[in-house]
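The block underneath contains the structure these notes are about, expressed in structure tokens.
Just so it is clear, none of the values below were taken in a lab; they were calculated from the coordinates. Not measured: the values here are computed from a predicted model. Note that we place each Cβ from the backbone using ideal geometry, even for glycine, and neighbour counts take in every protein chain shown.
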Amino acid sequence: MKVAVLCIGDELLKGAVVNTNLTYIGQHLLTMGIMPVLSLEVPDRPADVTEALQYAMNHADFIITSGGLGPTADDLTKQAIAEYLNCPLELDPRAEQAVRERWYSLKRGELPLRFLNQALIPHGAEALLNECGSAPGIHIRTNTTPEKHIVMLPGPPAELHPMFDNQLLPILKAHLDNRLHTRLFHISGVPESRVEERTIPILESHPCLSVAYCASPEFVKLFLTSPDSLCVESAEQAVRKEFFMEMLSDGASTVAAEILHLLKERGATLALAESCTGGLISELITDMPGASAGYLGGIVSYANEVKRNLLGVSEETLRKYGAVSAECAGEMLSGIVERFRSDCAISVTGIAGPKGGTPEKPVGLVYIGVRCFEQSLVAEYHFRGSREQVRARSAATALNTLRRMLRGEKL
């Protein structure tokens, strides 16, 4: 199966909105062993939409579009594609009822006719009802030879994600040429190049296997895919053995989720003292449902006086070693444990940039302190990249260090 993705909207091309929909679609297709053959970002102009659609249909069996299905004047995707396929728009009873219910559930008063335009569906197409918004998605089977599928999804991620998961994925699975078996692993604390290097012997002993890698500061996603289920099962065991200490548990999709699971297992608590990460670690933790079971809270001690007054960092330490130092990180760690009476803690202080560095303390210098019950350590790191990358890598390293300590590693 060949899949193409068309993301429609002037805001994407202007850079006003980051195209997270393509990221979401690509990552979830990859779990099925599918990588799109192409993706296009298209402005809100009918001629551009139909030109992109024609190009995509020449290269793919399934075309997924996002955006342009709402009630405003620039939502032209549906009309453009319907005209291109010569499929007149018709009022779909199920879609009309859903649109009306959505409008009145928001208590907006009288329903304007333009809002009801969202219930117009191309003749012969299937409406995909929207659980989180008003604009239905649309599934079209073309009358061409060979048959093509066009699935139009709404642009807002909060609407696209559930429609993709609950309605589009079953359609895709029903039309896979060959059933593919996949496994996904999250490997933390190992660079992508090293993950690939350590995976090569596994691939050599499983020639029917294909592999894909997706790196982030937090971990490397490792995808295994094969039409042979026994091949995937055998390779899975080899991967689990190779990356035993670095691999997140099956129920965890983030390092923060794994930490919360491990804290719960041990009946432990966590507190944070952040400086250069500015609360990013706390955000990663509290993004997880049920975080309050193990996470007590934290202090974002950006200014020296906050480090001194709230965390107990001594004036002498700040004067002699500076806020960006192993000594300061150690006292931040002790201070947060003492004030929150937590079993585990993290402290981070550094220079995220792009300015503020010196030859002695360059941009990217970060000190991370981690305490897990009676085990404590403070380590120096030099992270490369932008301010955002330094902060993200600091947070990922801090969390992964705590994860390893909670799993019983002696660091």
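Here the dipole of the range 255-406 is about 240 debye; that uses its Cα centre as origin and unit charges on the Cβ of Lys and Arg (positive) and Asp and Glu (negative). Computed from label points 7 Å out along Cα-Cβ, the spacing between Arg108 and Ile171 is 2.4 nm. At full extension, Thr31 and Tyr213 could sit 64.4 nm farther apart than now, given 0.36 nm per residue minus the alpha carbon distance.
Distance from the alpha carbon centroid of the range 354-368 to that of the range 179-206 works out to 34 angstrom. Using C-alpha pairs under 8 Å with a sequence gap of at least 6, the mean separation divided by the residue count of the chain gives a relative contact order of 10 percent. Checking every one of the trypsin sites (Lys or Arg not before Pro) in the range 101-178 against DSSP loop status and a limit of 15 other Cβ atoms within 10 Å picks out Lys107, Arg108. From least to most packed, judged by other beta carbons within 10 angstrom and beginning with the fewest, Glu246, Glu315, Glu90 follow the order Glu315, Glu90, Glu246. Going from the fewest other Cβ atoms within 10 Å to the most, the residues Lys78, Lys355 appear in the order Lys355, Lys78. Of the Cα atoms belonging to the range 1-62, the radius of gyration and Dmax stand at 12.0, 33 Å. Which number gives the lysine pairs in the chain that have C-alpha atoms under 24 Å apart and are eight or more places apart or on different chains? So the count works out to 16.
Here the range 255-406 is treated as an ellipsoid with the same Cα gyration tensor; its semi-axes, largest first and in whole Å, are 24, 17, 12. Only helical runs count toward this figure. For the chain, summing -39,500 (n - 2.57) over DSSP H runs of n ≥ 4 and dividing by all residues gives -11500 deg cm²/dmol at 222 nm.
Summing +1 for each Lys or Arg and -1 for each Asp or Glu among the other residues whose beta-carbon sits under 13 angstrom from that of Glu131 gives -2. So what's the gap between the Cα centers of the range 98-117 and the range 1-66, to the nearest angstrom? Each part reduced to its Cα centre gives a spacing of 29 Å. The dipole here belongs to the chain: it is taken about the Cα centre, uses +1 on the Cβ of Lys and Arg and -1 on the Cβ of Asp and Glu, and is about 900 debye.
Among Ser253, Ser234, Ser134, Ser347, sorting on how many other beta-carbon atoms sit within 10 Å of each Cβ, with the fewest leading, yields Ser253, Ser234, Ser134, Ser347.
Think of the chain as a dipole: +1 on every Lys or Arg Cβ, -1 on every Asp or Glu Cβ, centred on the Cα centre; then among Leu377, Asn400, Thr142, Leu377 lies furthest on the positive end.
Between Thr286 and Ser205, the simple label model (points 7 Å from Cα in the Cβ direction) yields a spacing of 4.6 nm. If you work out Rg/Rh (Cα atoms, Kirkwood Rh) from the coordinates, which of [x] 1.05; [y] 0.98; [z] 1.19 do you get? Only one option fits the structure, namely [x].
Separation of the range 389-406 from the range 249-296 is 11 Å, based on Cα centroids.
Summing charges over neighbours of Thr401, with a neighbour being any other residue whose Cβ is under 14 Å away from its Cβ, gives +1 when K and R count +1 and D and E count -1.
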